[in-house]
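Participant: Questions regarding the structure given below will be posed in turn.
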Amino acid sequence: MYVSFRYIPSHLHYMLTELLKNAFRATLLVAKDNNKHRPVLITVSEGSGRVAIRIRDYGGGIPLKIHPRIFDYSFTTVTHHSMDDEPLPGSTDGTLGSSSGAQPPIAGLGFGLPMTKVYAEYFGGSLNLISMEGYGCDAFIELPSIDLTKAPKIQI
């Protein structure tokens, strides 16, 4: 199925990157503990000038005790490991950042989910997370397709 809609590419890229990064991180952490790799599933649907995107992971879900804080700025579940700790697969420092140390980590700063929610809501969309602790999480983004016929005409 092919879905076509108008949106700001940089905003869409940011939101999807943040949600996928969280889903992949959770999936890798669960796989590290039980050596069972499950896929992250992405579903896209459209209707009535809107597009819905669901990202489903089986990464253990969000613990109930921290769920009220997931959209707080600077709140993170990433622990920065010491050099003696075993890193996540594909990294050397336990984060999902650069192994060379040349770039900051791409996880653990506490701005991903709050900014994703801001980006989604700013143009009339929404971000909702449904978590089943011990199982996984579904992230739902609903976005309007930008109607170019209603855009103001600007003369230059």
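Participant: Looking only at residues in region 27-60 that are of a type in the set (Gly, Ala, Ser) and modelled with pLDDT under 90, which one is nearest to the chain's Cα centre (by Cα)?
Facilitator: The extreme case among them is 31.
Participant: Could you say which residue among 54, 50 is of a type outside the set (A, V, I, L, M) and surrounded by 16 or more Cβ atoms within 10 Å (Cβ to Cβ)?
Facilitator: Answer to the selection: 54.
Participant: Can you spot a residue in region 124-139 that is over 16 Å from residue 22 (Cα atoms), open to solvent by 80 Å² or more (accessible area, probe 1.4 Å) and at pLDDT 55 or above?
Facilitator: no
Participant: Return the pair list, or none, for Cβ contacts closer than 6 Å from residues in region 20-37 that are in contact (Cβ under 8 Å) with a residue 40 or more places away in the chain to residues that are loosely packed, with under 14 Cβ neighbours inside 10 Å and part of a loop (DSSP other than H, G, I, E, B), at least 6 apart or on different chains.
Facilitator: Within 6 Å, the pairs are 28/89; 31/37.
The values are calculated or read from the model by the stated rules, or taken from the named source; none is laboratory data. Computed from a predicted model, the values in this text were never measured in an experiment. Virtual Cβ from ideal backbone geometry, glycine too; neighbours counted across all protein chains shown. The protein model used for the area step is the full one, side chains on, heavy atoms only, and it has no ligands, DNA or RNA in it. Shrake-Rupley method; radii C 1.70, N 1.55, O 1.52, S 1.80 Å.
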